[in-house]
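See below for the structure under consideration.
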Amino acid sequence: MLRSNFELSAANSNPPAGTFNGINKADQSQHLNLIWSPVANVNLGAELIHAKRIVTGGDSGTLNRLQFSAQYNF
């Protein structure tokens with residue numbers, strides 16, 4: 001059996017003047033995964049994540065991650 005999920009997330013805020021420059025002003029992320037169950041009690045998965053963050057000081061950055069998982073249910 002093969003299954004998948006797709007997730008979108010975003011947040012925006014307007015912190016008050018004088019707020020520390022490292023506080024989030026906006027962030028967003030996207031997640032896409034694929035889970036495969038080749039035999040009973042076994043799940044193998046992979047997930048691709050992309051995210052972006054902007055802080056009150058104006059700095060921004062991105063994150064790209066590929067992660068894997070394995071599960072055995074007994």
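Looking across segment 19-43, the residues that are under 14 Å from residue 57 (Cβ atoms) and part of a strand (DSSP E or B) come down to 24, 25, 26. Cβ-Cβ distances below 6 Å connect the following pairs, each with a first residue in segment 12-33 that is farther than 9 Å from residue 55 by Cα, a second residue that is of a type in the set (A, V, I, L, M, F, W, C), and a separation of six or more residues or different chains: 12/26; 15/23; 28/10; 29/51; 30/8; 31/49; 32/6; 32/48. Could you check segment 50-66 and list, in sequence order, the residues that are surrounded by 11 or more Cβ atoms within 10 Å (Cβ to Cβ), in contact (Cβ under 8 Å) with a residue 12 or more places away in the chain and polar (S, T, N, Q)? 56 - this is the single residue of segment 50-66 that is surrounded by 11 or more Cβ atoms within 10 Å (Cβ to Cβ), in contact (Cβ under 8 Å) with a residue 12 or more places away in the chain and polar (S, T, N, Q).
Throughout, read-outs are computed from the coordinates displayed, never taken from laboratory work. Since the structure is predicted, the reported quantities are computational estimates derived from the model, not experimental observations. Reconstructed Cβ throughout: ideal geometry from the backbone, glycine too, with neighbour counts over all protein chains shown.
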